[in-house]
Structure formats: structure tokens, C-alpha cells
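Trainee: Sharing a structure below in C-alpha cells format, with a few things to ask.
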Amino acid sequence: MADENSARAREIVETASRLFAASGFDGVSVRDICSELSVNCSIVSYYFGGKKGLYLEVLRSQFTAYGRALESVVVKNMEPREILSVLIDTMREFQATNPYFSAIVTRESGCPSPEFVQAVEEYENKFGDKLAEIVRSGQRQGAFKPNFKISALTLAINMLLNGSSTASLCFSIQSTFTENDYFETIKTILLDGIMADPAAENGWAIGKQSAKPRNTFGR
């Protein structure tokens with residue numbers, strides 16, 4: 001019976017996630033959600049205490065999935081440049097398999113709801129240091145530029161990685177680039193932007209030029 005209840009709750013959360021992503025919290029009613037599932041509206045109160053409780057659970061599920069995607073990268077034993085590249089590819093896959101995350105975050109960015117604020121705080125407590133750990137490790141090893149404030153850089157990376165929802169509006173209008181192009185551009189910008197200068201790493205004097213040609217990533 002517990003498994004049945006759990007499965008039904010997940011089904012409600014999944015349906016609500018799709019509807020909230022498409023129309024926002026105010027644009028979706030409990031009746032809309034239950035109509036999709038052909039169930040009585042009282043079921044939302046039974047499982048979640050009401051619409052706000054359901055929305056909070058939707059946000060929790062989305063942020064948990066995002067945090068676990070980050071965790072899967074942090075545990076990998078790779079060089080900083082490689083792990084950053086894998087991070088971007090992992091987030092691209094996350095966006096493809098979790099299409100509602102960026103849409104919900106984008107909708108909340110203007111005027112965050114109390115539920116969103118709570119979900120973000122819970123996420124930060126559990127997963128908040130995962131991306132910072134990647135950056136911190138790269139700086140310790142001298143692979144990333146040391147002049148970036150870690151909290152600001154991790155926020156900037158998060159914003160870039162989660163901008164695909166807004167960018168996707170252009171994919172259907174501007175046919176000259178795709179979502180893949182978007183993420184590949186982010187990868188180049190990030191790797192060019194935060195990788196330490198090899199000249200500095202090797203102690204070369206500022207202003208001197210190496211005869212060694214540099215590729216796209218400055219190596």
C-alpha cells in the first residue's frame with residue numbers, strides 16, 4: 001500500500017511539474033492537475049496539504065535531481081579542465097532529461113515565491129558546495145585562475161548552464177544554431193575564461209610570448 005501511495009504521489013508531482021513549467025504557479029489550478037490524472041481534487045490535499053505543498057514538492061524534486069547530477073561529476077577522478085568539460089556535458093544531458101527545471105527556475109527568477117526560496121535553501125544545505133568544490137579544487141591545483149571569487153563564479157556557471165530554457169525560445173525562431181551549439185559555446189567560454197594562463201603556470205615573465213602555438217583553450 002505504501003508503494004502504491006508513493007507511486008501515486010510521484011505521478012502527481014510529475015504531472016504538476018509539467019504544468020507549472022508551462023504555465024507557472026498562478027496559471028495552474030488543482031483542478032487542472034487532477035483533471036490530467038482523472039482523480040478527485042482532494043487527493044492533492046491528502047498527499048501534499050494543498051497546492052502550495054505540491055508546488056514545494058515539485059521544486060524539491062527538481063533541485064534534488066539537479067544536485068545529484070552535480071554529485072555525479074564531483075566524484076569523478078579527473079583533471080580540472082576535463083571535469084569542467086564533463087560538468088557541462090552532464091548539465092546538457094540533465095536539461096534534456098529534466099525539461100521542466102530551467103523553465104520553472106526562469107519563471108521564478110523575477111519574483112521568487114516562498115516555496116522557491118525554501119527549496120533553494122534546502123538545496124544549498126544539501127548540494128550547495130558541489131560546484132564550488134570543483135572550482136576550489138581547480139584553483140588549488142593552479143589550473144583555474146585564482147582571482148575569481150568562488151561564490152560568484154559558481155553562480156555565474158549555474159546561470160549559464162541553466163539558461164537553455166530561455167535560449168530554447170530562440171531555437172525555434174533562429175534556425176542558425178541549436179541547443180548543442182549553445183552548450184558548446186558555453187563550454188568554450190568557460191574553459192577559455194577560467195583556465196589559468198599556461199605562461200603564468202610555468203613562471204614565464206608577463207609580456208613574453210611563447211613560440212608554442214595556442215589552441216582554442218589556451219594550451
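Trainee: For the range 40-99, with the dipole built from +1 on Lys and Arg beta-carbon atoms and -1 on Asp and Glu ones, taken about the Cα centre, which of S72, F94, Y47 lies farthest toward the positive end?
Mentor: Farthest towards the positive pole: Y47.
Trainee: Follow-up question, since we're still on this one. If each residue's Cβ is checked for other Cβ atoms within 10 Å, how do T185, T154 rank with the fewest at the top?
Mentor: Details: T185 13, T154 20.
Ranked by crowding around the Cβ, least crowded first: T185, T154.
Trainee: Exposure proxy check: R68, R107, R81 ranked by fewest other beta carbons within 10 Å?
Mentor: Working: R68 13, R107 21, R81 18.
The most exposed by this proxy come first: R68, R81, R107.
Trainee: Could you work out the relative contact order of the range 20-128? I mean the mean sequence separation of Cα pairs under 8 Å and 6+ apart, divided by the number of residues, in percent.
Mentor: Details: 63 pairs, mean separation 38.4, N = 109.
Relative CO of the range 20-128 lands at 35 percent.
Trainee: Enumerate the calculated ³J(HN,Hα) couplings along the range 64-75 in order (Karplus 6.51 cos²θ - 1.76 cosθ + 1.60, θ = phi - 60°), each rounded to whole Hz, writing x wherever the residue is Gly or Pro.
Mentor: Karplus-based 3J(HN,Hα) across the range 64-75 equals 5, 4, 5, x, 5, 5, 5, 4, 5, 8, 4, 6 Hz.
Trainee: Once label points are set 7 Å from the Cα along Cα→Cβ at both R136 and V117, what is their separation, rounded to one decimal in nm?
Mentor: Distance between label points: 2.7 nm.
Trainee: With 10 angstrom as the radius, rank S151, S38 by how many other C-beta atoms surround their C-beta, starting from the fewest.
Mentor: Numbers: S151 11, S38 6.
Ascending Cβ contact count within 10 Å gives the list S38, S151.
Trainee: Can you give the FRET efficiency for A152 and R8, using 1/(1 + (r/R0)^6), R0 = 35 Å, r = Cβ-Cβ distance, to the nearest 0.05? Mind dumping the intermediate values first?
Mentor: Working: r = 42 Å, r/R0 = 1.21.
Once rounded, the FRET efficiency stands at 0.25.
Trainee: Next question. What is the distance, in nm, between label points placed 7 Å from the Cα along the Cα-to-Cβ direction at D181 and at N98?
Mentor: Using points 7 Å along Cα→Cβ, the separation is 2.7 nm.
Trainee: So what J values fall out for the range 142-149 if you push phi through Karplus, 6.51 cos²θ - 1.76 cosθ + 1.60 with θ = phi - 60°, rounded to Hz, Gly and Pro as x?
Mentor: x, 7, 9, 4, x, 7, 7, 6
Trainee: Which residues in the range 106-133 place their backbone N less than 17 Å from a point set 7 Å from the Cα of M159 along the Cα-to-Cβ direction?
Mentor: Flagged as within label range: 106-112, 132.
FYI, it's all coordinate maths here, none of it is from the lab. Since we're looking at a predicted model, the values are computed, not measured. Don't worry about glycine lacking a Cβ; one is built from the backbone with ideal geometry, like all the others, and counts go over all protein chains shown.
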